[in-house]
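Visitor: One structure follows; several queries about it will come next.
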Amino acid sequence: MVAKVMYETERLVVRDWLESDGDRVFDIYRRWEVSRWLGAEPRVMTDRESASRSIERWNQRNTDPTYGVWAVEEQASGVVAGTVLLVPLPGESGEIEVGWHFHPDAWGRGLATEAAFGAIVHGRKAGLADIYAVVRPDNTASIAVCGRLGMKPLGLTNRWYDAELEHFVI
């Protein structure tokens, strides 16, 4: 099966997930250093079957080509470096979130910034105006990504994910 490509950047292919990505998904989300930043009650993925269910759930969300939870594959190696998302924030406000979750072996190389910038461009081409990022206040790496993206800090909020988060807009 060939995955649908959503967009490409200089070093990345952003695409739908394949079942064959399951081992990598499990390797990313089983790590506390990744999962500690995610969700109202952070927890690690505990088994490989959870990775398959996540892939299925993400691909089911990817019906509107504007939005999705996509695999970020490095062009040079074919390795999935992580996840980038462009999704409606919870609630009925219509606000859109850009987000990223990367394997530690992909950290520090600008891949999250590159993938997120591509998602923002993708969203702009689809007519999206404001795009938000929400980040735990002590997640300095993701806050730095927001800065590199040129996002404006809006301060702390409790509006989403049942957690106090820094939020940014571009």
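The values are calculated or read from the model by the stated rules, or taken from the named source; none is laboratory data. Predicted model only: the values in this text are computed from it and were never measured. Cβ atoms come from the backbone with ideal geometry, glycine included; neighbour counts cover every protein chain shown. The protein model used for the area step is the full one, side chains on, heavy atoms only, and it has no ligands, DNA or RNA in it. Shrake-Rupley method; radii C 1.70, N 1.55, O 1.52, S 1.80 Å.
Visitor: What order do 33, 95 take when sorted by accessible area (1.4 Å probe), most exposed first? Walk me through the numbers before you get to the answer.
Guide: On the way: 33 75, 95 30 Å².
Final ranking, largest accessible area leading: 33, 95.
Visitor: Rounded, prolate or oblate: which fits the stretch 31-123 when a ≥ b ≥ c are the square roots of the eigenvalues of the alpha-carbon gyration tensor, with rounded for a/c under 1.5 and prolate only if a/b beats b/c?
Guide: Details: a/c = 1.43, a/b = 1.10, b/c = 1.30.
It comes out rounded by the Cα gyration axes.
Visitor: Say we join alpha carbon atoms closer than 10 Å with springs in a Gaussian network model of the chain; which of 126, 106, 71 then has the biggest fluctuation?
Guide: It is 126.
Visitor: Quick one: with all protein chains in place, what share of the accessible area of the chain is carbon or sulfur, to the nearest percent (1.4 Å probe)? Could you put the intermediate results ahead of the total?
Guide: Details: 4390 of 8520 Å².
Of the solvent-accessible surface of the chain, carbon and sulfur hold 52 percent.
Visitor: Still on this structure, I have one more. Might you tell me the accessible area per residue for the chain, computed with a 1.4 Å probe and given in Å²? It would help to have the intermediate numbers written out before the result.
Guide: Numbers: 8520 Å² over 170 residues.
Per-residue accessible area for the chain comes out at 50 Å².
Visitor: More than 15 angstrom separation, counting every C-alpha pair in the stretch 86-125; what % is that?
Guide: On the way: 373 of 780 pairs.
When every Cα pair of the stretch 86-125 is considered, 48 percent fall beyond 15 Å.
Visitor: Please label the shape of the stretch 99-170 as rounded, prolate or oblate, based on the square roots a ≥ b ≥ c of the eigenvalues of the alpha-carbon gyration tensor (a/c under 1.5 means rounded; beyond that, a/b larger than b/c means prolate, else oblate). Write out the running numbers ahead of the final one.
Guide: Numbers: a/c = 1.83, a/b = 1.05, b/c = 1.75.
It is oblate, given that a/c is not under 1.5 and a/b is not larger than b/c.
Visitor: Answer rounded, prolate or oblate for the chain, using the Cα gyration tensor with square roots of eigenvalues a ≥ b ≥ c: rounded when a/c is under 1.5, else prolate when a/b is larger than b/c, else oblate.
Guide: Numbers: a/c = 1.39, a/b = 1.20, b/c = 1.16.
Here the chain falls in the rounded category.
Visitor: Under the Karplus relation 6.51 cos²θ - 1.76 cosθ + 1.60, θ = phi - 60°, what is the ordered set of whole-Hz ³J(HN,Hα) values for the stretch 108-115, x standing for Gly and Pro?
Guide: x, 10, x, 5, 5, 4, 4, 5
Visitor: Can you give the charge dipole size of the chain about its Cα centre, rounded to the nearest 20 debye, using +1 on the beta carbon of Lys and Arg and -1 on the beta carbon of Asp and Glu? Each step should come with its number before you reach the end.
Guide: Details: 19 positive and 25 negative charges, 43 e Å.
Approximately 200 debye in magnitude.
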